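J.: Encoded as structure tokens, here's the structure I'll be asking about.
Please treat every number below as a calculation from the coordinates, not as lab data. Here the structure is a predicted model, which is why all the values come from computation and not from measurement. Neighbour counts run over all protein chains shown; Cβ positions are idealised from the backbone, glycine included.
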Amino acid sequence: MSIDKFKSYLKVSYKGYIVSFVIALLWFVFDKHNLFWLIYFPLSIVQGYYRYQQSLVEEARLKAKGLTAEDIENIRFVKQWETARKRGMWDYCIINGGFLYGLAISIATSTIMLICTGKDIRDGMEVFGGMFSFISYNYILGAIIGVIIFRRVWKYNERRFLNLTDPLAGNYLTADFKDL
């Protein structure tokens, strides 16, 4: 492990590790001093460092071909977005936003709901109907929020796709076309 590479790695990722350390420390405190969270943090630094080394090797390989990591990311985005566009906007919003991200958002909304109401999760879950309604209401809320977010993501991705595939797309509205 080279000290110079490790220093450059820390310069790149120190903000994320500060946040990770705070989260690991909070989990350690709230999980009744379970050492897993404090052991996980240094292991994540080591794993991140080796991923960083691999990315430097990949960057050097791309540089030899005259490409950058941003170029590869743009090519990957254009290929993925072409297939997503063929499926259609509402298919993209409902499947990706409603079903997939709706689940993650529903977990977040249910956690926020439990914190705001000050209830324990076991309070409303004694009866199957209470548990079922709590889960279904939060999933519906998460799905609606996910569809709204992914509708906005669709517009952003369309704009990015047009800018990457059509060099005049960004200048179309500002052009005066007097010379035609």
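J.: Would you tally the net charge around D166, using a Cβ to Cβ cut-off of less than 14 Å, leaving D166 out, and scoring K and R as +1, D and E as -1?
T.: Numbers: positive: R85, R159, R160; negative: E82, E158.
Here the charged neighbours net out to +1.
J.: Which ³J(HN,Hα) values, rounded to whole Hz and listed in residue order, are derived for the range 101-116 from phi using the Karplus coefficients 6.51, -1.76 and 1.60 in 6.51 cos²θ - 1.76 cosθ + 1.60 with θ = phi - 60°, glycine and proline given as x?
T.: Each residue of the range 101-116 in turn: 6, x, 5, 5, 5, 5, 5, 5, 5, 5, 5, 5, 5, 5, 5, 5 Hz.
J.: Which ³J(HN,Hα) values, rounded to whole Hz and listed in residue order, are derived for the range 148-164 from phi using the Karplus coefficients 6.51, -1.76 and 1.60 in 6.51 cos²θ - 1.76 cosθ + 1.60 with θ = phi - 60°, glycine and proline given as x?
T.: Rounded to whole hertz, the list is 5, 5, 6, 5, 5, 5, 4, 4, 4, 5, 4, 4, 5, 4, 5, 5, 7.
J.: If you don't mind, another one. If a/c stays under 1.5 just call it rounded; otherwise compare a/b with b/c (prolate if a/b is bigger, oblate if not). Do that for the range 1-66, with a ≥ b ≥ c from the square roots of the Cα gyration tensor eigenvalues.
T.: It is prolate, given that a/c is not under 1.5 and a/b is the larger ratio.
J.: Once a ≥ b ≥ c are taken as the square roots of the eigenvalues of the Cα gyration tensor of the chain, is the result rounded (a/c under 1.5), prolate (a/b larger than b/c) or oblate (a/b not larger than b/c)?
T.: Numbers: a/c = 2.93, a/b = 1.20, b/c = 2.45.
Since a/c reaches 1.5 but b/c is at least a/b, the shape of the chain is classed as oblate.
J.: A further question follows. Whole-Hz ³J(HN,Hα) for each residue in the range 47-58, computed from phi via Karplus 6.51 cos²θ - 1.76 cosθ + 1.60 with θ = phi - 60°, x for glycine and proline: what do you get?
T.: Once θ is set to phi - 60°, the couplings for the range 47-58 become 4, x, 5, 5, 5, 5, 4, 5, 5, 5, 5, 5 Hz.
J.: Can you compute the helix-only [θ] at 222 nm over the chain? Use -39500 (n - 2.57) per DSSP H run of at least 4 residues, normalise by all residues, nearest 500 deg cm²/dmol. Let's see the in-between values first.
T.: Details: 5 runs with 131 residues, N = 180.
The helix-only estimate for the chain comes to -26000 deg cm²/dmol at 222 nm.
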